[in-house]
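Only one structure is covered here, and it is reproduced in the block below.
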Amino acid sequence: MARPAAGQAGFKSLIVVPVKAKGELLGTLGLISKQALQFTPEAVEMITAMGHQLGIALANARLYEAQLRENEKLNALLDISGVGAQRLELESLLQRILTNSVTLLSADAAYMVRYDGEQAEVVAASKEFAGLVGLRYPSAEGLSGRIRSLGQGKIFSREEVTAMNCRPMLQDAHVRSVLVAPLISRNELIGALAFVRGPQNVRDFTQADLDLMEAFAGRAALAIDNVQLLKDLSHKNRLLELLIEEAHHRIKNNLQMISGLLQLESETAADGTLSDRLRQAIARIQAIGQVHNLLSQEMPEKVDAYTLINTIIGTLISSAPMAEATPQVALELEHLWLSADQAVALALVVNELVSNSLLHGRPADGERLHVRVLCREQDGQVRLVVCDNGGGLEHDVERLRGGQGMKIVSQLAQVNLRGKLEIANRDAGVCAELQFGMSGHAPASRVRGIAPDGGHA
């Protein structure tokens, strides 16, 4: 028999069967007719089977909807957790988090609050609440203040929003439901995400929405914190670079000042030997200054031996006493990357060895002075060779070792570079070879130098 309401509408027959899935009652299926029918057992069995199939279909639809929602959640989490998100500027990341979460919750509008001590600031918002961005207020006030005191997320009804006397913009939005989730990173509450559904939305936020958003907000807070840490670290690194750069500039300027004072002294010195020694000291100071000059350029962590040696030799040739024929210097250098300490020591060694060749080399009559400088990597060691054809020192290598310049070279080689130095007469000249361990290097590229007269070395 039809129910009274159905009977009033002219229906005379009604059958209702359960809609179940996995033993759970999901609803009922009713068939109604305006004719007086007697449902046979076969018809009842068929309609019951229809209800069972409908239950399975409804359950599958729910699972599909849940899976879609989970996929949306995972995509949103991946979007804000990926490497690409970590490379974003903080403002861009905040906006991306807001956009993803609005889509995830099917919200109508949203805004984000960051805490700064006892103050809260709206740092991002959808276009509906764009006027809130930059607003600062006591962190204990408003919906986010309530979240801060609770330490967890909460769903607010329209009546609660009105009773809490929130900002006019939020009051004027005629909200239906507001969900606020905390942003917690490393056990610290750093802000909150607030989502609004207006009266045109068909439903309020649910506990499932809150659970979803708290999981999302946790990952979002970590991404925000990481980007902020990277931003702060980048700022501190830049300040440190500026300080180091300034220190190198000051050292270089001080060395130039000392070099200038010694230059004046050498020009007025009556004793020729004293003048020569002052010029040697000037060359040593200039060699150290070249290292600091390279370190202050774009703040490299290491110094390229190729550039350093080229610069030092160019300075030595330009300042060497005029001779009948310009010395020819052949360079065989690789790009070897040395620490600052190693670079200073190497600069002084090259300066002493090449200066000796240029100042004291006396090739045979009619020959031009040739100086060969090689600096390469060999089995993880730096190998420096400086040779000339300046006549050598017959039976007097020990006297060469005993000179002030060679004492400096020996000290630098053994103590500063912890290397091995050998000096000997060879091929009508003097040849010095130094080997020491590398502190690190870039891929080497062997390059032949250019002689000072323009010919290939």
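The values are calculated or read from the model by the stated rules, or taken from the named source; none is laboratory data. Note that the structure is a prediction, hence the values are computed from the model and not measured. A quick note on method: Cβ atoms are made from the backbone with ideal geometry, for glycine too, and the neighbour counts reach across all protein chains shown.
Taking the residues in region 176-191 that are within 27 Å of the chain's Cα centre (by Cα) and not aliphatic (A, V, I, L, M) as candidates, determine which candidate is surrounded by the fewest Cβ atoms within 10 Å (Cβ to Cβ).
N187
Pairs, please: C-beta under 6 Å, at least 6 apart or cross-chain, first residue modelled with pLDDT under 80 and in region 136-165, second polar (S, T, N, Q)?
Listed pairs, sorted by first residue: none to list.
Just checking, does region 358-374 include any residue being among the acidic types (D, E), assigned to a loop (DSSP other than H, G, I, E, B) and either closer than 21 Å to I317 by Cβ or out of contact with any strand residue (DSSP E or B) (no Cβ under 7 Å at 6 or more places or on another chain) (or both)?
Yes, region 358-374 contains a residue that is among the acidic types (D, E), assigned to a loop (DSSP other than H, G, I, E, B) and either closer than 21 Å to I317 by Cβ or out of contact with any strand residue (DSSP E or B) (no Cβ under 7 Å at 6 or more places or on another chain) (or both).
Out of everything in region 99-118 that is within 19 Å of G218 (Cβ to Cβ) and modelled with pLDDT under 85, what residue ends up being surrounded by the fewest Cβ atoms within 10 Å (Cβ to Cβ)?
Looking at residues that are within 19 Å of G218 (Cβ to Cβ) and modelled with pLDDT under 85, I get T103.
Do we find a residue being at pLDDT below 85 and out of contact with any Cys (no Cβ under 6 Å at 6 or more places or on another chain) anywhere in region 408-424?
Yes: region 408-424 contains one or more residues that are at pLDDT below 85 and out of contact with any Cys (no Cβ under 6 Å at 6 or more places or on another chain).
State yes or no: is I309 over 23 Å from N416 (Cβ atoms), out of contact with any Asp or Glu (no Cβ under 9 Å at 6 or more places or on another chain) and assigned to a helix (DSSP H, G or I)?
Here the answer is no, as I309 does not meet what is asked.
Which one of these does E121 not meet: (1) modelled with pLDDT of 85 or more; (2) under 29 Å from V202 (Cα atoms); (3) surrounded by fewer than 20 Cβ atoms within 10 Å (Cβ to Cβ)?
E121 satisfies every listed condition except (2).
Please work out if Q378 is surrounded by 13 or more Cβ atoms within 10 Å (Cβ to Cβ), more than 27 Å from S318 (Cα to Cα) and at pLDDT 85 or above.
In short, no.
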